[in-house]
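I have placed the structure first, in the form of structure tokens, so that the comments after it can refer back to it.
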Amino acid sequence: MGYISDLRKYVGTQPLIMAGACVLVFNEEGQLLLQKRTDSLDWGTLGGALELGE
């Protein structure tokens, strides 16, 4: 997250308001689609946050 890292240089540890989104995708059988994170190997919902310019 380059934008957030750069912003932190200016505001330090002050709270930041960041927007993110996730989506829950179910199939006809009621199964939930999850993604496996590559950093922690945990399972999670699909989503994320935008970087400046995306």
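What follows draws every value from the coordinates through simple rules; no lab data is involved. Keep in mind that this is a model prediction, so the values were computed, not measured. So basically every Cβ, Gly included, is an ideal-geometry build from the backbone, and we count neighbours across all protein chains shown.
Placing unit charges on C-beta atoms (Lys and Arg positive, Asp and Glu negative, everything else neutral), compute the dipole magnitude of the chain about its Cα centre in debye, rounded to 20.
Details: 4 positive and 7 negative charges, 59 e Å.
Around 280 debye, computed over the chain.
What does the charge count around Gly2 come to, taking other residues whose C-beta lies under 14 Å from its C-beta (Lys +1, Arg +1, Asp -1, Glu -1)?
Details: positive: Arg8, Lys9; negative: Asp6, Glu51, Glu54.
Around Gly2, the charge tally is -1.
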Compute the normalised compactness of the chain: alpha-carbon radius of gyration over 2.2 N^0.38 Å, N being the residue count.
-> 1.53
